[in-house]
Amino acid sequence: MLKILVTGAAGLIGGDVCARLVAKGHAVTGMVRRNPEVRGNDGALVEGVTTVSGDVTLPLMGLEPEPHDVVIHCAASLEFDAPEEELQAINVEGTKNALAYAKEAGAAFLHVSTAYVCGQVSGAVPEGPVPADTQFTNRYEASKARAEAAVAASGLPFAVARPSIVLGHSKTGVIRDFPSLCNVFRLMARGKVTQFPCVPGSTLDLVPIDHVAEGIARLAERMNEANGAYFHLVASDPLPAAELAYGVQRVEHFPDPQVVSPQDYDPTSLRPAEQMLAGRMLGTFGAYFTRDPQFDDGRFRAVTGFECNPTDSAWLDRLIAHGIEADYLPKPR
């Protein structure tokens, strides 16, 4: 049995990681801030987890250090366009405060980052440190790369877990909280965005929550083997970016958004309201619809013995069906 502290335990990933660790028999402390409830992806309260109130922006996260075997650092700001000061305070300085706590607690440090610290690349992405010349898509990616560098320089036993874009359960499509990318589905499903511009051949690495949460739990149990390494928690096969629109097209009562290449996309031909909404959508996510990163996860599979379930169009259809059932996406009239 390991004694594990999970930061960001009220969040989507942190909550499901807590649920899985408790089920495996570990002694789990979940650090929460505004929301005191730790819930798994199924929405159920996690029984058997001890909660403490902390804040990553405070020295030692505002906690009195207690001995732990592992600190799993999930807490982060996930807003791509958050102010630089906020991302630095939470994602970078907050990670340093969590590292200081882990040092006092005598713990190894499992840092939850993002596969998209790869920045603006296409092609093979290895499981290794972020290259110094990486060009990032947004301030969020850059902040997570700086946090990774702080972890590697800490002198603590560490591992870095890099999930890609986390969506619903691989079997059911269920997700407790809809992440911001899901708004792309919603805008198209509601007819607010009628054209979806993406580069032919571009892909999105969308990964089920169960693969990510179980993968993090397994890495925490294998920190000796994982020490000093980087791990991609990613899809078995990335989906074509255009599948976001095709998935909407397959639902009978949704509109049929048109997939267009960027050179054929003319926002001035759209209604003013759509120009505004599409502009916001593309300002946040547009760069992810232009390239084809291929994340290697060989080291992750070797250490954990765990592979991702299929992330195909049938899985995407289950995600959309859950969105309809949960009233996130429009029901048939």
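No other residue among V117, V71 is in the same structural domain as A10 (by TED's automatic domain parsing), farther than 26 Å from D205 by Cβ, in contact with a strand residue (DSSP E or B) (Cβ under 9 Å, 6 or more places away or on another chain) and not polar (S, T, N, Q) apart from V71.
For segment 165-211, a residue qualifies if it is within 20 Å of A273 (Cα to Cα), touching a Pro at 6+ places or on another chain (Cβ under 9 Å) and part of a loop (DSSP other than H, G, I, E, B), and the qualifying residues are R190, G191, V193, T194.
Is it fair to say I13 is under 29 Å from G168 (Cβ atoms), outside any loop (DSSP other than H, G, I, E, B) and in contact with a Phe, Trp or Tyr (Cβ under 9 Å, 6 or more places away or on another chain)? The answer is no for I13. Kindly provide the set of residues from segment 149-164 that are touching a Phe, Trp or Tyr at 6+ places or on another chain (Cβ under 8 Å) and either part of a helix (DSSP H, G or I) or not charged (D, E, K, R) (or both), ordered by number. If the condition is that a residue be touching a Phe, Trp or Tyr at 6+ places or on another chain (Cβ under 8 Å) and either part of a helix (DSSP H, G or I) or not charged (D, E, K, R) (or both), then V151, A152, S154, L156, P157, F158, A159, V160, A161, S164 are the ones that fit.
Screening G11, G30, G15 for residues that are over 17 Å from the mean Cα position of the chain (by Cα), small (G, A, S), crowded, with 20+ Cβ neighbours inside 10 Å and assigned by TED's automatic domain parsing to the domain that holds T95 leaves exactly one candidate, G30.
If you take the residues of segment 99-134 that are assigned to a loop (DSSP other than H, G, I, E, B) and touching a residue at least 60 places away in the same chain (Cβ under 8 Å), which of them is nearest to S154 (Cα to Cα)? Please lay out each step first, then the result.
Going through segment 99-134, the residues assigned to a loop (DSSP other than H, G, I, E, B) turn out to be 106-107, 113-114, 119-122, 126-134.
Pick out the ones that are also touching a residue at least 60 places away in the same chain (Cβ under 8 Å) and you get 107, 120-122, 126-129.
On the way: A107: 12, Q120: 27, V121: 28, S122: 30, P126: 22, E127: 19, G128: 17, P129: 14 Å.
Looking at the filtered set, the residue picked out is A107.
Yes/no per residue for (1) surrounded by 14 or more Cβ atoms within 10 Å (Cβ to Cβ); (2) touching a Lys or Arg at 6+ places or on another chain (Cβ under 7 Å); (3) under 21 Å from G323 (Cα atoms); (4) modelled with pLDDT of 95 or more:
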| residue | (1), (2), (3), (4) |
| --- | --- |
| A241 | yes, no, yes, yes |
| A245 | yes, no, yes, yes |
| V259 | yes, no, no, yes |
| Q263 | no, no, no, no |
| D266 | no, no, no, no |
| S269 | no, no, no, no |
| M281 | yes, no, yes, no |
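Pairs are defined by a Cβ separation below 6 Å, a sequence spacing of at least 6 or placement on different chains, a first member in segment 217-228 that is touching a residue at least 24 places away in the same chain (Cβ under 8 Å), and a second member that is hydroxyl-bearing (S, T, Y); the pairs so defined are R218/T304.
Cβ-Cβ contacts under 6 Å between residues 6 or more apart (or on different chains), taken from a first residue in segment 306-333 that is surrounded by 14 or more Cβ atoms within 10 Å (Cβ to Cβ) to a second residue that is hydrophobic (A, V, I, L, M, F, W, C) and assigned to a loop (DSSP other than H, G, I, E, B), are listed as C308/A235; T311/A235; H322/V174; G323/L329; Y328/F178.
Per-residue answers, yes or no, for (1) under 21 Å from I90 (Cα atoms); (2) of a type in the set (A, V, I, L, M); (3) surrounded by fewer than 18 Cβ atoms within 10 Å (Cβ to Cβ); (4) within 15 Å of the chain's Cα centre (by Cα):
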| site | (1), (2), (3), (4) |
| --- | --- |
| C118 | yes, no, no, yes |
| V130 | yes, yes, no, no |
| A152 | yes, yes, yes, no |
| F158 | yes, no, no, no |
| V184 | no, yes, no, no |
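S143 meets each of the listed conditions (1) free of Cβ contacts under 8 Å to residues at least 24 places away in the same chain; (2) of a type outside the set (A, V, I, L, M, F, W, C); (3) crowded, with 24+ Cβ neighbours inside 10 Å apart from (1). Between L206, L167, L219, the distinction of being in contact with a Ser or Thr (Cβ under 8 Å, 6 or more places away or on another chain), under 26 Å from V28 (Cβ atoms) and aliphatic (A, V, I, L, M) belongs to L219 only. Only one of the listed residues (A124, A159, A142) is under 20 Å from E86 (Cβ atoms), of a type in the set (G, A, S) and at pLDDT 95 or above. That residue is A142.
The values are calculated or read from the model by the stated rules, or taken from the named source; none is laboratory data. Source: prediction; values computed, not measured. For neighbour counting, all protein chains shown are included, and Cβ atoms are generated from backbone atoms with ideal geometry for every residue, glycine included.
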